[in-house]
Amino acid sequence: MYEKIFAKYEPTKDNLIYILHDIQDEHPQHYLSEDAVQRVSEYLNVPVNHIYGVITFYTMYSTKPRGNNIIRLCESPPCYLKGSDNIYKKLKTVLGVKAGETTADGLFTLEFCACLGVCGNAPVMMINDDVYGNLTEESVVTIIEKIRGGK
Ligand code: FES
């Protein structure tokens, strides 16, 4: 996997976030392992500590294995004012996990994120690359059940 991704990018520091993004996307558990960080460090000749600094700065990166479907619930003020805390409570109930955790079946990881840029549809969440807006406690259940049914 690493060689295929490295082949797409020149070994310059400017490409760090793109390489990390691709590796995380390709990993079946959607995270950046210690091995991945080490390999990127060697390829770009960038210290491991610098890479971990980047990983912890951006919420989109994870150093923990995650589920097949990553739910990112927006917690910025416009979504909060439209009831994202109720959506979060419903997600916790339906999934049986809280933010930062993965369901026992490995199907979902629940996370918070900052504004997704579609505040007009607040409250909003993303599941993998799909955006879901105007969420209600009912629609959240339907969305999760639909994904569960299609596993
Ligand atoms: S504040 Fe939630 S999408 Fe902008």
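I51: more than 24 Å from I127 (Cβ to Cβ), out of contact with any Phe, Trp or Tyr (no Cβ under 9 Å at 6 or more places or on another chain) and crowded, with 20+ Cβ neighbours inside 10 Å, yes or no? Yes: the conditions hold for I51. Six or more apart or on different chains, Cβ atoms under 7 Å: show the pairs whose first residue is in the range 50-68 and farther than 28 Å from R148 by Cα and whose second is of a type in the set (F, W, Y) and crowded, with 18+ Cβ neighbours inside 10 Å. If the second residue must be of a type in the set (F, W, Y) and crowded, with 18+ Cβ neighbours inside 10 Å, the pairs left are I55/Y61. Looking only at residues of the range 89-104 that are among the aliphatic types (A, V, I, L, M) and surrounded by 17 or more Cβ atoms within 10 Å (Cβ to Cβ), we find that the one that is nearest to L32 (Cα to Cα) is V97.
Kindly evaluate I51 against the criterion of being away from the ligand (no atom under 16 Å from the Cβ), assigned to a strand (DSSP E or B) and closer than 20 Å to I23 by Cα. Against the criterion (away from the ligand (no atom under 16 Å from the Cβ), assigned to a strand (DSSP E or B) and closer than 20 Å to I23 by Cα), I51 does not qualify. Would you be able to say whether some residue in the range 69-88 is more than 16 Å from the ligand (Cβ to nearest atom) and exposed (fewer than 14 other Cβ atoms within 10 Å of the Cβ)? No - not one qualifying residue is present in the range 69-88.
Of all the criteria given as (1) loosely packed, with under 13 Cβ neighbours inside 10 Å; (2) touching a helix residue (DSSP H, G or I) at 6+ places or on another chain (Cβ under 8 Å), the one not satisfied by G150 is (2).
Per the conditions (1) more than 16 Å from the ligand (Cβ to nearest atom); (2) over 19 Å from the mean Cα position of the chain (by Cα), the sole criterion not satisfied by S62 is (2).
Screening L135 with (1) free of Cβ contacts under 8 Å to residues at least 12 places away in the same chain; (2) over 17 Å from the mean Cα position of the chain (by Cα); (3) assigned to a loop (DSSP other than H, G, I, E, B) gives one miss only, at (1).
In the condition set (1) farther than 24 Å from C113 by Cα; (2) at pLDDT below 95; (3) touching a helix residue (DSSP H, G or I) at 6+ places or on another chain (Cβ under 8 Å), M60 is compliant with all but (1).
The values are calculated or read from the model by the stated rules, or taken from the named source; none is laboratory data. Just so it is clear, the model here is predicted, and its values are computed rather than measured. Don't worry about glycine lacking a Cβ; one is built from the backbone with ideal geometry, like all the others, and counts go over all protein chains shown.
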